[in-house]
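Note sheet for the following structure.
Coordinate-derived values only; no laboratory data. Computed from a predicted structure; not experimentally measured. So basically every Cβ, Gly included, is an ideal-geometry build from the backbone, and we count neighbours across all protein chains shown.
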Amino acid sequence: MSANPEKINCVIIGSGPAGYTAAIYAARAGMKPVLFTGKDIGGQLITTTDVENYPGYPDGIMGPSMMEDFRKQAERFGTEIRYEHIVKVDFTGPIHQLWTESDQEIHAHAVIISTGANAKWLGLESEQRLANKGVSACAVCDGYFFRGKEMAVVGGGDTAAEEALYLSKLAPKVHLLVRRDVLRASKIMQERVLKTTNIEVHWNTETVEILGEDEVKGVKVRNNQTNEEQILPVEAFFVAIGHQPNTDIFKGWLDMDASGYLITKGKTTHTNIEGVFASGDAQDNVYRQAVTAAGTGCMAALDAERYLAEKEVV
């Protein structure tokens, strides 16, 4: 333990919609929050282009611009923002210990975790080059931009099935690319996919390359049994092979599911450690939207405010 740890009422870890919203509410409640941005400042929205489904932006907004608005609003009410990364925690006692990448020890009464999650990608060069140019990891976010065009979804679980079904309402045809000869999705989701006439399932199929320079012009796929290749004439490509929550530093301290998503109690943001709250995609493996992340950020700040009031800290 450091001889001179810094004492903070409320620490917020993460700077996406959940973290900034938590900061707005915490600052307005007089909790004097300090927000640590982490490595991915602004979260997943910082790599998102047009955002048209967030209330309050009738003409849409670029993801980075939205996160800049969130940051300014948090700072307006007195949030201190530090462009650092929390690398270690110790939740043994009622005072929570955290360490920054510069080895500063911090003692906090309340901690709000908003570290988010990152989409898993296939690892193709063309996938990264065409990200936000027709390649996306969120059909609900971006499918609308490609309505009326053929699209492809890669994956075999419930998420891929849900994305394919969602896109089937927007596209004349959806190609579902499955690496195996069966779907991993739940039985009811499999049945829905197979009954949807404009979803074509390509079994035993690997993605070789996404075609196009500045926009998606097709996808080259290979049958992993026959090695036969073909080009599908799609104009949007959605990767639905899962997300990885950024929760590794909390392992051994906080309850999480098999995939690493933090588990909260009931309809609250309380974790199994008193005074530690989880919000946003770090604890949400279902919705994963900016608006739902912001909502849980609000909840976390309100839960933290009540906790600190009970402890007579603020």
Quick one: Cα centre-to-centre distance for the stretch 106-161 and the stretch 266-292, in angstrom? 19
Can you put Asp303, Asp59, Asp69 in order, fewest other beta carbons within 10 Å first? Asp59, Asp69, Asp303
Based only on other Cβ atoms within 10 Å, what is the fewest-to-most ordering of Val153, Val34? Val34, Val153
Estimated 222 nm signal from helices in the chain, with DSSP H stretches of n ≥ 4 weighted -39500 (n - 2.57), rounded to 500: -7500 deg cm²/dmol
State, to one decimal in nm, how far the label point of Asp214 lies from the label point of Thr268, with both points 7 Å from Cα in the Cβ direction. 5.3
³J(HN,Hα), Karplus 6.51/-1.76/1.60, whole Hz, each residue of the stretch 275-291, x for Gly, Pro: x, 10, 10, 10, 9, x, 5, 5, 10, 10, 9, 10, 8, 6, 10, 4, 6
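Between Asn227 and Arg129, take the C-beta separation as r, use R0 = 22 Å, and let me know the FRET efficiency to the nearest 0.05.
Working: r = 25 Å, r/R0 = 1.15.
That gives a FRET efficiency of 0.30.
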In Å, what Kirkwood hydrodynamic radius results for the stretch 166-314 from the alpha-carbon pair distances? 18.8
Going by how many other beta carbons lie within 10 Å of each one, how would you line up Ser102, Ser114, fewest first? Ser102, Ser114
How are the Cα pair distances of the stretch 1-114 distributed, in percent, across 10 Å bins from 0? 15, 43, 29, 10, 2, 0
Label-to-label distance, nm, for residues given as Tyr144 and Arg179 (7 Å Cα→Cβ offset): 3.2
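Distance check, please: which entries in Lys169/Lys267; Lys72/Lys251; Lys149/Lys169; Lys133/Lys169; Lys133/Lys187 exceed 23 angstrom between their Cα atoms? Intermediate values should be presented prior to the final figure.
Working: Lys169/Lys267 31 Å; Lys72/Lys251 32 Å; Lys149/Lys169 11 Å; Lys133/Lys169 21 Å; Lys133/Lys187 33 Å.
With Cα atoms farther than 23 Å apart: Lys169/Lys267; Lys72/Lys251; Lys133/Lys187.
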Karplus couplings for the stretch 231-244 from phi (6.51 cos²θ - 1.76 cosθ + 1.60, θ = phi - 60°), rounded to Hz, Gly and Pro as x? 10, 9, x, 9, 10, 8, 9, 10, 8, 10, 10, x, 10, 10
Please report, largest first and rounded to whole Å, the three semi-axes of the ellipsoid equivalent to the chain, where each semi-axis is the square root of five times an eigenvalue of the C-alpha gyration tensor. 40, 20, 17
Which order do the peptides 143-150, 13-20 take when ranked by the mean count of other beta-carbon atoms within 10 Å per residue, highest first? 13-20, 143-150
Give the residues of the stretch 84-103 whose amide nitrogen is closer than 19 Å to a point set 7 Å from the Cα of Ile41 in the direction of its Cβ. 84-87, 100-103
